[in-house]
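The values are calculated or read from the model by the stated rules, or taken from the named source; none is laboratory data. In this text, all values refer to a predicted model and were calculated from it rather than measured experimentally. Quick reminder, even Gly has a Cβ in these numbers, built from the backbone with ideal geometry, and neighbours come from all protein chains shown.
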Amino acid sequence: MTHLLRSAWVVGRRDFTATVFSKAFIFFLIGPLFPVLLAGLFGGIGARVASQAEQPRVAVIAPASDFAKLAAAREQLGEAMGDRPIVELVEVPPRPDTQAQVRDLLASKHHSVVAVLTGAFDQPRLTGAVDEDGTVAGQLGLLLSAAQSGPKPLEVAPTARSSGSVDRTRSITAQTGQMILFFLTIILAGMTLSQLIEEKSNKVIEVLAAAVPIESIFIGKLFAMLATSLVGIAVWLSVGIAAMAMFTHDGAGSIPAPAVGTAAFLILTLIYFAMNYLLLGSVFLSIGAQASTVREVQTLSMPVTVAQVLIFGFAALAVGSPDSPMAIAGAVFPLSSPLVMVARAAEKPELWPHLVAILWQVLWIALVVSVSARLFRRTVLKSGPAKRRWWKRAAA
Amino acid sequence: MLRQAASHARPGEYAVEAKDLVKDFGDMRAVDGVSLGVPAGSIYGLLGPNGAGKTTTLRILLGIIDPSSGTRRVLGHERPLDAAPRIGYLPEERGLYPAMHCRDAIAFMGALRGLPLAEGRRRADELLAGHGLGDWARKPIRTLSKGMAQTVQLLGTIVHRPALLVLDEPFAGLDAINQARLEEMIRREAHSGVTIIFSTHVIAHAERLCERIAIIAKGKVAFEGAVDEARARLRPIVRLRTRSDDGPWRSAIPAGARRHGKEWVFELPESGPEPLLKALIDGGAGIETLAIERPGLHDAFVAIAGDKAAAQMVEGPAR
């Protein structure tokens, strides 16, 4: 046992230093910035395009004074609705033949309106390709009544928090926790796999296998990448807290504490991340042991990745209803358990379910790691095109 | 100074023993009943053409793979990995991390065998300097030439001062100068008491270095013993040139003799050289030249493993 652990330490230490002191690790650290930037950039553009596309135009045939009231009401409603699309109004001065004017406007490609509002405030009438109970009709109804009665003064007495706002924020924390766990695990398992394939292709694996038990290689690699990820998490957390301190009033304190408390949540998140990674990482390593080229790895790991995405979707259903049968099923199923339980930690204060879940997950990790390590031992040195692998035999 | 390993090597003791090793890969039998004994402190060669089963045999001996049946004992251990700290191994397909610095690569290989990293680095510096690579100690492996990288890997196999060195095709890919250096290093290690096993398909290396050999063909041991024993399986070879083309002396030439131009080549008859000489002289052969040669290992290999296996072997440059 001592020899096994000592050898795992030697292998793990090499992998850890080789990864952390490489240029690729800098990209790993700044990696999360890219999705944030891309989301910001494309999200903004997309939202604007979507908003423009979804904003229906309505021609308003009314005197200038009536239109001004309607336009003012629209501006107020627009502010209250935030980013949601609101009907766009086009001012059209009235002509003697209103019916003909309506027909012309609906046919006109220049104005490109979905409907025409006539009759102003006395007898408002909407003509066009809209439903009676639809959004356009509903919004115009609100605008007309707001334009007629004017804005109602509303006294606002703000409080720091309410149960509704805390629940909402905790749900966001739960979702964020799940997403971080999911993406980080997928990235790290992929990195572990790449390293193994690299070692197989540059034949280092035989040097290792001749000197130390294969199980040590497996365990060393698995835990080296876990340690690497913890370095990454520590950096991201520090940067995140520093950014919040710079850009928000109360810093990290502005976020409502997760249900189990901030410290406990962070510890549980780390534990569940480790559990999730060890489960998926060992499956990926045993896949890597069977493959000798990147193409084979892609073929073999695709089903696992797709399955993991489905599991992530399943676990996401638990957010917002941690005691639902779906959430309990997700907590029991070993592969989704860490994801479901991290969400629960954000939303429910009891700690004992976490203790039970962690023990349950440890049991499964022991099982999966042991089976994967055995598979790894059997297959890792069988490389090269000479032998047909089981999936090729099955395909033949 | 003899190493710690040497103190374990007692005359007549085997450093490595294998009995009836069999290894099947699916339907293919790669190793078929291999038995061998490597005396402690000796240089032992595994000879055979490519695909004969040498690498698989070495992998089994090292515990990288388990045999389908049979037993092995390495430095007194039934489980070879238990002896790993006292073994150095150079695989046929060399493996180094391209981004690692030379001294770190050597120290890492030592660390895998239980040598503390700091001590490994210290020894790595010494070894690199001793092999003319001192300036490369802090350069990444990827910047080295193939021969230099091979030297670094070789230094990594001896950095922990093993009692047993297993080298799989160590001369492959080396130029003549580096081959000579490697031969020198093998002799030096053996002199300090290290047991060395190496596989090769170049007969000349085995002939120059080995005390004992195993000839492997199609997964089986065709011969195992001292190099001289292998040679002794053949009778000495006679090469004869005569001034006369024909005459009574022709009756002294054995039936299986081959003729290359004016030269006759045949095995020395069992009666020995004297009756042959007498018959040639009395028969008026007019002897121009006559040489009686001891058969080389290549001749022995042909006799033992057959022409087909020998055709895949490299005789190697004569030195």
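Consider B:Ala176 carefully, then state whether it is more than 9 Å from every other protein chain (Cβ to nearest Cβ), within 22 Å of B:His205 (Cβ to Cβ) and touching an Asp or Glu at 6+ places or on another chain (Cβ under 8 Å).
Here the answer is no, as B:Ala176 does not meet what is asked.
Residues in region A:302-318: is at least one touching a Pro at 6+ places or on another chain (Cβ under 9 Å), under 18 Å from A:Phe182 (Cβ atoms), in contact (Cβ under 8 Å) with a residue 24 or more places away in the chain and surrounded by 15 or more Cβ atoms within 10 Å (Cβ to Cβ)?
yes
Tally the residues that are farther than 30 Å from A:Asn202 by Cβ and over 20 Å from the mean Cα position of the chain (by Cα), restricting the search to region A:289-327.
3
Quick check, is B:Ala83 in a helix (DSSP H, G or I), more than 8 Å from chain A (Cβ to nearest Cβ) and surrounded by 22 or more Cβ atoms within 10 Å (Cβ to Cβ)?
Against the criterion (in a helix (DSSP H, G or I), more than 8 Å from chain A (Cβ to nearest Cβ) and surrounded by 22 or more Cβ atoms within 10 Å (Cβ to Cβ)), B:Ala83 does not qualify.
Take region A:193-238 and flag every residue that is hydroxyl-bearing (Ser, Thr, Tyr) and more than 10 Å from every other protein chain (Cβ to nearest Cβ).
A:Ser194, A:Thr228, A:Ser229, A:Ser238
Residue check, B:Leu112 against (1) surrounded by 17 or more Cβ atoms within 10 Å (Cβ to Cβ); (2) more than 14 Å from every other protein chain (Cβ to nearest Cβ), all met but one. Which one?
B:Leu112 satisfies every listed condition except (2).
Among the small types (Gly, Ala, Ser), away from chain A (no Cβ under 13 Å) and over 27 Å from A:Gln195 (Cβ atoms): does that describe B:Ala137?
For B:Ala137, the condition - among the small types (Gly, Ala, Ser), away from chain A (no Cβ under 13 Å) and over 27 Å from A:Gln195 (Cβ atoms) - is not met.
Cβ-Cβ under 8 Å, sequence separation 6+ or interchain: first residue in region A:102-120 and surrounded by fewer than 20 Cβ atoms within 10 Å (Cβ to Cβ), partner modelled with pLDDT under 80. Which pairs?
As it stands, the answer is A:Val114/A:Val130, since those pairs meet every condition given.
May I ask you to verify whether A:Gly330 is away from every other protein chain (no Cβ under 14 Å), closer than 15 Å to A:Gly177 by Cβ and either outside any helix (DSSP H, G or I) or of a type in the set (D, E, K, R) (or both)?
no
Would it be correct to say that A:Val362 is more than 20 Å from A:Leu222 (Cβ to Cβ) and either of a type outside the set (Lys, Arg) or touching a residue at least 24 places away in the same chain (Cβ under 8 Å) (or both)?
So A:Val362 fails the test.
Which condition number does B:Pro49 fail, the rest of (1) more than 10 Å from chain A (Cβ to nearest Cβ); (2) modelled with pLDDT of 90 or more being met?
Here B:Pro49 meets the rest and fails (2).
Based on this model, can you work out whether B:Gly95 counts as facing chain A (nearest Cβ under 10 Å) and within 25 Å of the chain's Cα centre (by Cα)?
Yes.
For the subset of region B:53-82 comprising residues that are out of contact with any Gly (no Cβ under 7 Å at 6 or more places or on another chain) and of a type in the set (A, V, I, L, M), which member is nearest to A:Leu4 (Cα to Cα)?
Among those that are out of contact with any Gly (no Cβ under 7 Å at 6 or more places or on another chain) and of a type in the set (A, V, I, L, M), it is B:Ile64.
Quick one: would you say A:Ala24 is within 25 Å of the chain's Cα centre (by Cα), away from chain B (no Cβ under 14 Å) and at pLDDT below 85?
When the stated conditions are applied, A:Ala24 does not pass them.
Take region B:97-154 and flag every residue that is basic (Lys, Arg) and under 22 Å from A:Ile214 (Cβ atoms).
B:Arg113
In region A:355-377, which residues are touching a Lys or Arg at 6+ places or on another chain (Cβ under 9 Å) and surrounded by fewer than 22 Cβ atoms within 10 Å (Cβ to Cβ)?
Across region A:355-377, there are no qualifying residues.
Can you go through B:Ser69, B:Ser35 and tell me which one is more than 9 Å from chain A (Cβ to nearest Cβ), farther than 26 Å from B:Gly306 by Cβ and at pLDDT 90 or above?
B:Ser69
Only one residue in B:Ile64, B:Ile106, B:Ile60 is facing another protein chain (nearest Cβ under 9 Å) and either closer than 26 Å to B:Ala172 by Cβ or among the hydrophobic types (A, V, I, L, M, F, W, C) (or both), so which one is that?
Selected residue: B:Ile64, the only one of B:Ile64, B:Ile106, B:Ile60 that is facing another protein chain (nearest Cβ under 9 Å) and either closer than 26 Å to B:Ala172 by Cβ or among the hydrophobic types (A, V, I, L, M, F, W, C) (or both).
Of B:Arg188, B:Arg181, B:Arg142, which residue is within 14 Å of chain A (Cβ to nearest Cβ) and assigned to a helix (DSSP H, G or I)?
After ruling out the rest, the residue left standing is B:Arg142.
Would you point out which residue out of B:His77, B:His160 is touching a helix residue (DSSP H, G or I) at 6+ places or on another chain (Cβ under 7 Å), on the phi < 0 side of the Ramachandran plot, surrounded by fewer than 18 Cβ atoms within 10 Å (Cβ to Cβ) and within 13 Å of chain A (Cβ to nearest Cβ)?
The unique qualifying residue is B:His77.
For region B:43-92, which residues satisfy the criterion of being among the basic types (Lys, Arg) and more than 17 Å from the chain's Cα centre (by Cα)?
B:Arg72, B:Arg73, B:Arg79, B:Arg86
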